[in-house]
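Notes for the one structure printed next.
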Amino acid sequence: MPDLGFRKNVMGPQPIAERAPTPPEMLGAAKQFLEFLAKGKVEDVGALAIENARDEVNRLAEAARQTGTYNQKRIVALARINRHYWIKGELTGAGTKPFIVQFRLGEQDGRWKVWETINLTNARSAWTR
Amino acid sequence: MQKFLPVDKLARPENYILISLDRMRQARMDQGLTPFNAMPYEEDFLKARLHGICAGEMQAMEAAGRTLFDFPDAPWEFQLDMARQVWDESRHTEIYMKLLEYVGSYLGEFPESEVLWSCTQVDDPACRVAGINRGLEGLACDVFEQLIRLAQKMGDPVIERAVDFVLADEITHVRMGSKWMRKLTEGDPERLKRAQEFQDNIDNLFNFSGGRTTQEQAAQVRQKLGEKEIEFDSTLTIAREARLLAGFSEEEIERLIKAASRSAAY
């Protein structure tokens, strides 16, 4: 029986470079941000933001707090621009509409901070200006 | 089904990161980079450039399909050409997804911006083909010609040939655009002028602050690609030969070069 194409058996050009690893500290910061949002800890959420983004982040945290309470969080998507990471996260809870947020994390003074956020709850996509 | 689909209605899986070009530029500037897409001297250049092209091919596929749907009264041959282009762009998307794997990346590693789709937002098929087929596909000729030269310098026949195959199609798309821009505006010089102006706007949008130039005049910078260190263009060049093959006139190419050297669109 001929090999009809299991990829691992196919000879051909092999990748010339490795995938860039995702920094675990960044993922940790992303999960913490979502955790604080889920628990409505507005001040803690704000503390994770850079100075210029603090007001925006506080508004987002307030919006999450007013929408409902959440007991589950998940990272839905992740993409990067150089060493800044965009993360799409979803908060869910019983009887509460899911809260979807997209935020950018980048290092500042050795710590992962939130540089900007987009509230995607009720939005069709993130083509927001 | 809605015609003239706005940017915020473009469908993507939920595990995609979509952001506007403004936000993409801001993220780059916050890291001390130029606001443009990854430049040839950057570490991530090859991955980011191939990723941008792959997303562009997807949007080009959607745009050609949308052109078919948005203009049901256009000539049958026009519709056939657009259908053919959908087929081409879907193959290109697959080719670039494979190339992403080849350079250690994957679709979704970088965000996708709306900038190419925004160039479809016009309700005249003549403007649509002028903007997409002549403006954007002309830009694709420039980008692909440069990638082919880069691959040649790297000694990488996989990227060189794959991109060359795609470039051959893009040349036919530009020709298609030129043909239909002329045919659809026959006897209507005002409409032709509007189509050309729409294309000019798109050309200006991608001129990178006047940083673009010809291959011969591009400054060379050292860069490391994998294990190799090479000298290469410091900016996106204008591919005179590929554009001539695609049917652009010498005069049009000269105008583009002059506009590129004085534009401040970025």
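The values are calculated or read from the model by the stated rules, or taken from the named source; none is laboratory data. Note that the structure is a prediction, hence the values are computed from the model and not measured. Note that we place each Cβ from the backbone using ideal geometry, even for glycine, and neighbour counts take in every protein chain shown. We work out accessible area using only protein heavy atoms, side chains counted, and drop any ligands, DNA or RNA first. Shrake-Rupley method; radii C 1.70, N 1.55, O 1.52, S 1.80 Å.
Quick one: in the range A:80-129, which of the residues that are of a type in the set (Gly, Ala, Ser) and within 12 Å of chain B (Cβ to nearest Cβ) is nearest to B:Pro111 (Cα to Cα)? Even if it seems obvious, please write down each step before you answer.
Here is the first cut: in the range A:80-129, the ones of a type in the set (Gly, Ala, Ser) are A:89, A:93-95, A:106, A:110, A:123, A:125-126.
Remaining after also requiring within 12 Å of chain B (Cβ to nearest Cβ): A:89, A:106, A:123, A:125-126.
Working: A:Gly89: 15, A:Gly106: 15, A:Ala123: 17, A:Ser125: 13, A:Ala126: 11 Å.
This residue is A:Ala126.
Filter the range B:11-46 down to the residues that are part of a loop (DSSP other than H, G, I, E, B), more than 7 Å from chain A (Cβ to nearest Cβ) and open to solvent by less than 20 Å² (accessible area, probe 1.4 Å) and list them by number.
B:Ala38, B:Met39, B:Pro40
Please enumerate the residues belonging to the range B:52-109 that are open to solvent by 30 Å² or more (accessible area, probe 1.4 Å), in a loop (DSSP other than H, G, I, E, B) and within 28 Å of B:Met24 (Cα to Cα).
B:Tyr106, B:Leu107
Filtering the range A:46-68 down to residues that are in contact (Cβ under 8 Å) with a residue 24 or more places away in the chain and in contact with a helix residue (DSSP H, G or I) (Cβ under 8 Å, 6 or more places away or on another chain), which residue is farthest from the other protein chains (Cβ to nearest Cβ)?
Looking at the filtered set, the residue picked out is A:Arg65.
Looking at the range B:110-121, which of its residues are open to solvent by 30 Å² or more (accessible area, probe 1.4 Å) and of a type in the set (A, V, I, L, M)?
Result: B:Leu116, single match.
Would you tally the residues in the range B:1-10 being facing chain A (nearest Cβ under 7 Å) and open to solvent by 60 Å² or more (accessible area, probe 1.4 Å)?
Matching residues across the range B:1-10 total 2.
Filter the range A:12-45 down to the residues that are β-branched (Val, Ile, Thr) and assigned to a loop (DSSP other than H, G, I, E, B), then identify the one that is farthest from the other protein chains (Cβ to nearest Cβ).
Ranking the candidates gives A:Thr22 first.
Give B:Ala130, B:Ala162, B:Ala140 a once-over and let me know the one that is more than 15 Å from the chain's Cα centre (by Cα) and either open to solvent by less than 20 Å² (accessible area, probe 1.4 Å) or not polar (S, T, N, Q) (or both).
B:Ala162
Specify which of the listed residues (A:Lys113, A:Lys88, A:Lys41, A:Lys97) is open to solvent by 60 Å² or more (accessible area, probe 1.4 Å), touching a residue at least 24 places away in the same chain (Cβ under 8 Å) and among the charged types (D, E, K, R).
Values: A:Lys113 fails: open to solvent by 60 Å² or more (accessible area, probe 1.4 Å); A:Lys88 fails: open to solvent by 60 Å² or more (accessible area, probe 1.4 Å); A:Lys41 fails: touching a residue at least 24 places away in the same chain (Cβ under 8 Å).
Going through A:Lys113, A:Lys88, A:Lys41, A:Lys97 in turn, just one is open to solvent by 60 Å² or more (accessible area, probe 1.4 Å), touching a residue at least 24 places away in the same chain (Cβ under 8 Å) and among the charged types (D, E, K, R): A:Lys97.
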